[in-house]
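The values are calculated or read from the model by the stated rules, or taken from the named source; none is laboratory data. Being a predicted model, the structure only gives us computed values, none of them experimental. Positions of Cβ are generated from backbone atoms using ideal geometry, with glycine treated the same way; all protein chains shown enter the neighbour counts. The area values use the complete protein model at the heavy-atom level, side chains included, leaving out ligands, DNA and RNA. Shrake-Rupley method; radii C 1.70, N 1.55, O 1.52, S 1.80 Å.
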Amino acid sequence: MAGTAERMAQNQKQVAISEFFEKNKHFLGFDSLVRSLITAVKEAVDNSLDACEEARILPDIRVKVTKIDDKKDIIELQTEDNGPGIPKRSIEKVFGQLLFGSRFHAIRQSRGQQGIGITGVVMYSQLTTGRKTHVRSKIATETSAAVVDIGLDTRKNKATKTNEDREIWELPDGSLKEHGLEITCRMKAKYQRGRQSVYQYLRMTSIVNPHADITFEDPDGEIHHWPRVTERLPRKVESIKPHPHGIHLGTLQRMCTEATDNRMTSFLYKNFSGVSTRAAKELLEAAEIDEKAKPKSMKPEQYRALLEAFMGERLLNGKAVKLLNPPTNCLSPIEELLIKKGLSKTIDSRFVTTMTRSPTVTQGNPFQVEVGLIFGEGMAADKPVEVLRFANRVPLMYQQGGCLLTKAIESVDWRQYGLDQAGGRGVPKGPAAILVHLASTNVQFTSEAKEALADNEEVLDEVRKAMLEMGRGLRKHLEKKKKMAKTQEKFELVNDIIPAIAAKSASILGRPVPDLAGSITKIMGAVIAESETVWNKETKQTDVTITLFNYTSRARAYTLLAAWPEKDGAVMEGNANGGRKEATGVWAWKLDTLEPGQTFVLSYSLSGLEKGDWTDTDVFYRGSQEVIGATKMDEKLLEEIRRQESVLADEDDEAAAEEAEDEDDLEDGEDDVKNTVAEEAAENDDPKPTGQQTLMGYGSDA
Amino acid sequence: MMSASHTPEETKAALHNVVTEMYDKIVKGEPPTMTLPVRTKNNIGFDTKLGVYKYGKKRSIRDATSLGSAKQLLRALHVVEFIEEMIDARKSSTLREMYYISEGWGLGKFSSQNESNNLAEDLEVVTKCMREDFKLRPEEDGARIIGNLTLRELNRRGEWMRINARDDVGDSGYGVPYNVEEEKIELVEHDLNFIMAIETGGMFDRLIENGFDEAYKCGLVHLKGQPARSTRRILKRMSEEWDLPVVVFLDGDPWSFRIFASIAYGAIKTAHISEYLATPTATYLGITADDIEAYDLPNDDLSARDVEALKAELSDPRFADAWWQEQINMMLELGKKAEQQSLAKYGLDFVTDTYLPEKLAELGLA
Ligand SMILES: Nc1ncnc2c1ncn2[C@@H]1O[C@H](COP(=O)(O)OP(=O)(O)OP(=O)(O)O)[C@@H](O)[C@H]1O
Ligand SMILES: [Mg+2]
C-alpha cells in the first residue's frame, strides 16, 4: 500500500517538481481545475479531522473559498481548525516536505494513508500562481501564534520560508485563539456546484463525522453550516501488527532484515497479529525453517516457503496452520446512531435506517461495513437514489459506477423493498439516499486516483447483506406507513363521519340521534394500537404513549411489547404499568382484559437520549386477535435475539480472559492456554452471532 | 306525452327514503348504507316496452365501512337537505353552484365537480326523480337548431314567444334551453322531411352556408360533442311529436359511436331516464368505417385508447346488432378513424353535393 507513495517520493528526487506534478496529477487529484480545489480542501480538512481526533478535540472547521480572478480562474482557499496546531519548528516540514506524515507506516484505519498530503497543495499553489502558502499555527503552550509563508524552491526542490513571525491570533469575537491551524493559499482552480463539488465533499464529510462542526463560506458569500450532532469523539484507533494473510514478499524481507529478534519463533510471534507461539512453531515447521534460525539470515527461498505457509499453501500434517484473525479494535466505525444523526442533519426525511456490521477479515485485513438508508419527502422520487460512498470516513466522489460499493447496491433487487429499479438491476430509483462506509486497515482502490473500491468478494458480501437487511427495514416501514394511513382513516370514519351521518339523517327526518356504538363496532371490527413518541423539551426526555382500543364486540386479552433503545444507553422512567424485560431493547406488559369499546393507555419516558435519537416506537403484541398498528411478536426472532445476546456476552468474557493472560505469554514460551481456548472457540460449531438481527428489519414473512 | 316531473311532495318523500335507509341501519347497530343500481354497461338491458336501454336489476350497496363511501353517504345527506331547502324556497341552482355551496359542508364537502355531478345522478337513479325535480340545473348549454320549424318558448317574463328557427334567428340558430319540457317549450309546426344531428360546429356551419337545410328541407341540430340531456330530449320530442326521421352525422371514430348510442338507445349514465331521452328511430348516417375506404378519406391511426374503446363497444349490449358489430370490427381492422370535415378533401361542396345525397338516398330520404 505504501508502494505508490514511496515510488513517487523516489522519483521526485530526480525530476523537477513541476514535471513530477504534471506526470502524476491524475492520481494526485489535480487533473482538472474543479478537482484541484476539491483535493486541496480535502487534504486540509482531512488533516484537521485527523489532528483533532488524535488530540481528542471536538473539531470546529471553517472553509472559505473566494474567487480572486474569475477570468484567470484564480481562487483563494482558507481553512481553519481548532486542532492542536503545529509547533513552529515542524511547520516547514509538514508543508514543505513530501511524505512527512506521522502515520505513514502504521497499520490502522486513518484518513490519509498515502499520497503527498498538504505539501501537494503548497506545490500546486506555487506552480499555478507563484504564490506562497500562508500558515498560522497556535499551540496551547505558547501565548502567540507562529506565522510563516511557505513556498517551494522549484530548482532545489526544497521548502522556502519567508516572513516568519509571531502574532496574537484574535478571533472575530475578540477572544484569543487557544490552539489551531489556519492555511491560506491561492491556486488556479474552478469552483462549481453539484455532485462533485466542495459543497458536496463537505456535506458528505459532515455526515460521517457527526462529531465535527463544519462551516463553509462559498464564493457567493453564502454560509453553509453543518452543526455537530454528537459530543462523542470517534473511538481511538489502535495500530496493529500485520497479519500473515496480508503480507507481501518485499515487506516480509524488509521486516526480517530490520528485525532485532534472535529467533524466528519470537520474530513471528511478536511482529505479526494472529500468530500464537504454537502457530509460530507450526509455520516454521511447515516452511521447513529451523525455529532457532535468525531472521536476519533468511534466504530467498525461505522467504517464499514461509509466505506459502502463511497462505496455507504449505501444509503441516495435511492441514494448513491455523491462524487467529487479526484484532478488529483498530477500526473506528461511525456507529448506527451517529450515522442516523449525520444523515438526518443533511437530508430532511422521515425514515432512516442504519446498520453497522460486525468487523470481519479479508486477506488478513480487518474491515467493517456500515450502511444507512434515508427515505422520504424532500428527495426526487423519479431519479436514481443518491449514493454516498465512504472509505475510512473519506467521501468518494468520482467513479461511482466502477466502485465495489455501488456494485453491491446494484446487486440487490430493490423492487421487493419498495424502490423502483428497471429490471431489478442498477442503482434503484426513488426518494432515498443510500450510504455505505467501509472501514478497513487496507482499503483497496481500483486505481491510484483512490476514488473507486476494487472488487473483493467478502466486502461485497458484507455490503450486500447489510443492504438486504436495510431493505427489509424499508419495506417494513412502507408497510407500516400504509397500515397507519388505513388506521387513521378508520379513526376519521368512526370519530367524525359516522357521527355526522347520524346527526344529519336524524335532523332531516326529525328523529332523535341514534346510538352509534353498534355501528362503530361493526365498522371497525378490530383492536387498534396507536403509539406516539415525542421529545419533551422541558424534561429532556422522550415521552412514549401507547394506546390500545378494543373496537370489537368481545373482551380481549393481550401482552403488549415495545422496542426501546436500551443498547444506546436509554433509561426507562415513569413506567407505571411495570412489566418486564423480554430481551435487550424489548419491554413487555401483560394487560388486563380489555372490554368491548374500552381503551387502555400506557406511558413511559426515556432519558439518556438526545432530541431526534428516538422518534418512533415499534409496538408488538401477543394475543389471538390481530391488532392494527402493532406487529405480532415473532417468538422465534425474540429467541434468536436472546441467544445472540448470550453468545456475545460469552465472547466478551473470552476476550477479557485472553487479554488478562497476554502478559505472561512470552516468558512461558510454551503452548499457552489462551490460544487453545481461542482456537476451540473458533472451531465451535455454534453459529456465530452476526450482531445484526433486529426486530424491525427481520424476515419477510414476520 | 308522458311527463318526467314529480311534485315537490313526491320528490321529498323519495329523498326521505334514502335518508331512512341510513338512519334505520344505525338504529339496528349496522353501518349505514345506500342501495343503488349498478351504473355500468354490465347492468343495462333493452326494455322492449320502451324501446330503449334501461338499468337492469343489479344493485350495489354503498356502505359506510370505508372512509370513501362513508363520505359519499354524508354528502348525499347534505345534498338532500340542500334540495329540500331549494324546493321550500322555490329556488334552483346549477350543479356547479351546488359544488361551491358544498364548501360549507365541512366533512361532507365535495372534492371535485365531477363528484357532485355523479352524486346528483345517483340520487336521480335511486329516487327515480329527475334533476329538474331537485331544482338542479346543468352547466352545459344545449344545442343550436336551424331549419324551417316553429316552436313556442316561455320566456323569463312568463310570456310565450313564437320562434321560427329559420326566419327569426341569426346565423347561430335557435339556442335550446336546459328545460325543454312541455311547460317550457311547445312544438308548433314545421315544413321538414327529416332532422339531421351534427357533431361539429364546423360541419353545421358548412351545411348552412351551402343552403343544405333549404335544399333538402331538413332541420339541422348542432350536438356540440356529447349531447346534453336537453338536446337529446328535444330530438326525441321532434321525432315523436312531429313523426320525423332523425339522422345522425358524426365523425368516424369510437367516441362518435357512443354519441350515437346515447341519442338512439340511451346513455349508460342516464339509463334511468332513457325513455325520456332516447330516440330509438334515429339512424347513423356517417362517417361509417366503410366510408373511410369508399371515399378514400384522409385519416388518422387509431390510438391505444381508441382501440380500447372499440373493444369495449363490442361487448356493449347497445352495439350488439350485426351492423354495429361489423362497423366496429371493420374499424379495428382498418386501424383508422376519420373526421367528418375530412370530406373537404374533395372541395367545400362535396359534402352537400355528393356525400350526403348519396348517404340519404340509401335511407330513402333524398
Ligand atoms: N491541521 C493540522 N493540525 C495539526 N497537525 C497537522 C495538521 N495538518 C497536518 N498536520 C501534521 O502534519 C503531518 C503531515 O500531513 P500530511 O497531510 O502531509 O500527511 P498525512 O496527513 O500524514 O498523510 P496524507 O499524505 O495522506 O495526507 C500530519 O501527519 C500531522 O502530523
Ligand atoms: Mg494529510
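Taken over region A:192-217, residues that are surrounded by fewer than 19 Cβ atoms within 10 Å (Cβ to Cβ) and part of a loop (DSSP other than H, G, I, E, B) amount to 6. Among residues of region A:41-72 being within 16 Å of ligand 2 (Cβ to nearest atom) and open to solvent by 40 Å² or more (accessible area, probe 1.4 Å), the one that is nearest to the other protein chains (Cβ to nearest Cβ) is A:K42. Scanning region B:209-224 for residues that are more than 14 Å from B:A197 (Cβ to Cβ) and of a type in the set (G, A, S), we see that the one that is most open to solvent (accessible area, probe 1.4 Å) is B:A215. Of all the residues in region A:340-364, those that are in contact with a His (Cβ under 8 Å, 6 or more places away or on another chain) and either over 20 Å from A:L460 (Cα atoms) or surrounded by fewer than 23 Cβ atoms within 10 Å (Cβ to Cβ) (or both) number 4. When region B:317-366 is filtered for residues that are more than 27 Å from the chain's Cα centre (by Cα), closer than 18 Å to B:D300 by Cβ and hydrophobic (A, V, I, L, M, F, W, C), the ones remaining, listed by number, are B:L334, B:A344. Could you go through region B:94-112 and let me know if any residue there is within 13 Å of chain A (Cβ to nearest Cβ) and buried (at least 20 other Cβ atoms within 10 Å of the Cβ). There is at least one residue in region B:94-112 that is within 13 Å of chain A (Cβ to nearest Cβ) and buried (at least 20 other Cβ atoms within 10 Å of the Cβ). Annotation: A:A466 fulfils all but one of (1) open to solvent by less than 10 Å² (accessible area, probe 1.4 Å); (2) out of contact with any Leu (no Cβ under 6 Å at 6 or more places or on another chain); (3) within 14 Å of chain B (Cβ to nearest Cβ); the unmet one is (3).
Scanning region A:81-91 for residues that are crowded, with 16+ Cβ neighbours inside 10 Å and away from ligand 2 (no atom under 16 Å from the Cβ) yields A:N82, A:K88. Of the helices (runs of 4 or more DSSP H) lying entirely inside region B:1-116, not one carries at least 2 residues that are within 25 Å of B:E275 (Cβ to Cβ) and touching a strand residue (DSSP E or B) at 6+ places or on another chain (Cβ under 7 Å).
Checking the structure you have, find out if any residue of region A:443-462 is open to solvent by 50 Å² or more (accessible area, probe 1.4 Å), touching a residue at least 40 places away in the same chain (Cβ under 8 Å), outside any strand (DSSP E or B) and under 20 Å from B:L67 (Cα atoms). The answer is no; no qualifying residue exists. None of A:L171, A:L176 is away from ligand 1 (no atom under 16 Å from the Cβ), open to solvent by 60 Å² or more (accessible area, probe 1.4 Å) and among the aliphatic types (A, V, I, L, M) except A:L176. Counting only strands (runs of 3 or more DSSP E) that sit completely within region A:332-429, those holding 3 or more residues that are β-branched (V, I, T) correspond to A:351-356, A:360-362, A:365-375.
Filtering A:T277, A:T356 for residues that are modelled with pLDDT of 85 or more, closer than 30 Å to A:H225 by Cα and among the hydroxyl-bearing types (S, T, Y) leaves a single hit, A:T356. Against the test of being open to solvent by 70 Å² or more (accessible area, probe 1.4 Å), more than 10 Å from chain B (Cβ to nearest Cβ) and within 21 Å of A:T354 (Cβ to Cβ), the options A:K537, A:K481, A:K476 yield a single qualifying residue, A:K481. When we screen B:L343, B:L302, B:L297, B:L334 for residues that are more than 29 Å from B:E240 (Cα to Cα), modelled with pLDDT of 90 or more, surrounded by 14 or more Cβ atoms within 10 Å (Cβ to Cβ) and in contact with a Ser or Thr (Cβ under 7 Å, 6 or more places away or on another chain), the only hit is B:L297. The number of residues in region B:322-345 that are among the hydrophobic types (A, V, I, L, M, F, W, C) and not in a helix (DSSP H, G or I) comes to 1.
For region A:484-521, taking the residues that are of a type in the set (S, T, Y) and open to solvent by 30 Å² or more (accessible area, probe 1.4 Å), the one that is modelled with the lowest pLDDT is identified as A:T521.
Candidates in region A:92-135 are the residues that are within 11 Å of ligand 1 (Cβ to nearest atom) and at pLDDT 90 or above; of these, the one that is surrounded by the fewest Cβ atoms within 10 Å (Cβ to Cβ) is A:V135.
Is it the case, given these coordinates, that B:E84 is open to solvent by 50 Å² or more (accessible area, probe 1.4 Å), within 30 Å of A:N495 (Cβ to Cβ) and within 14 Å of chain A (Cβ to nearest Cβ)? Taking the combined requirement at face value, the residue does not satisfy it. Screening A:I75 against (1) within 7 Å of ligand 1 (Cβ to nearest atom); (2) crowded, with 22+ Cβ neighbours inside 10 Å; (3) at pLDDT 95 or above leaves a single unmet condition, (1).
The set of residues in region A:484-525 being facing chain B (nearest Cβ under 7 Å), under 24 Å from A:V627 (Cβ atoms) and among the charged types (D, E, K, R) consists of A:E489, A:E492, A:D496, A:K522. Residue pairs whose Cβ atoms lie under 7 Å apart, sitting 6 or more positions apart in sequence or on different chains, and linking a residue in region A:39-58 that is farther than 17 Å from A:I183 by Cβ to a partner that is basic (K, R) and away from ligand 2 (no atom under 11 Å from the Cβ), are A:L58/A:R228. Do we have A:A529 as in contact with a helix residue (DSSP H, G or I) (Cβ under 6 Å, 6 or more places away or on another chain) and not in a loop (DSSP other than H, G, I, E, B) here? Here the answer is no, as A:A529 does not meet what is asked. Scoring A:V534 on the criteria (1) in contact (Cβ under 8 Å) with a residue 24 or more places away in the chain; (2) in a strand (DSSP E or B) leaves a single failure, condition (1). A residue that is within 14 Å of chain B (Cβ to nearest Cβ) and in contact with a helix residue (DSSP H, G or I) (Cβ under 6 Å, 6 or more places away or on another chain) cannot be found anywhere in region A:555-573.
The residues listed here are B:N42, B:N17; of these, the one that is farther than 17 Å from A:A500 by Cβ, within 14 Å of chain A (Cβ to nearest Cβ), surrounded by fewer than 20 Cβ atoms within 10 Å (Cβ to Cβ) and not small (G, A, S) is B:N17.
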